[in-house]
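Quick notes on the structure that follows.
The values are calculated or read from the model by the stated rules, or taken from the named source; none is laboratory data. Owing to the predicted nature of the structure, the values given are computational and were not obtained by experimental measurement. All Cβ positions, even for glycine, are placed from backbone atoms using ideal geometry, and neighbour counts span all protein chains on display.
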Amino acid sequence: MKREDKQLLLQDLCSRLPYRVKVQIPIMNDAITLTCGDISAYFFSPDNKVFPKPYLRPMSSMTEEESAELSNIISEWFDKELFYLTEEPFLEYALSRINYTISPLLFDWLNAHHFDFRNLLSKGLAIEVTEDNNPYKD
């Protein structure tokens, strides 16, 4: 695994720990709930070459209800006039107008619903949740 991929996977998995992310360890058959101890064992052990793959949902699998929830979060962001163009340089203006509370809400929501917003699926670093393999359907 490339160093960049390992770092991306570590960041993603750590952010998902509070949401009881399920992972597949390549040498095991069952999905397990990842813990902090697992992170230490798999990412900081010098001899470990096997990394957990989280079960994630592609953004395209979002239901209508989930899409409505996400739209409400994003609407709140835009309702606060985040990106109105002015005479000022756009980036500086946009940064001065950001409601910084939206970012945690947005990413917490995406993590809680196990969406792959970092494109781990396309990099082969995650397992796509399907009807047949959904470890979250309890």
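Restricting to segment 27-79, count the residues that are loosely packed, with under 12 Cβ neighbours inside 10 Å, in a helix (DSSP H, G or I) and hydroxyl-bearing (Ser, Thr, Tyr).
Of the residues in that region, 5 qualify.
Quick one: would you say GLU128 is charged (D, E, K, R) and at pLDDT below 90? Can you show your working first?
Values: charged (D, E, K, R): yes; at pLDDT below 90: no.
When the stated conditions are applied, GLU128 does not pass them.
Anything in segment 32-71 that is under 17 Å from the mean Cα position of the chain (by Cα) and basic (Lys, Arg)? List them, or say none.
Across segment 32-71, the qualifying residues are LYS53, ARG57.
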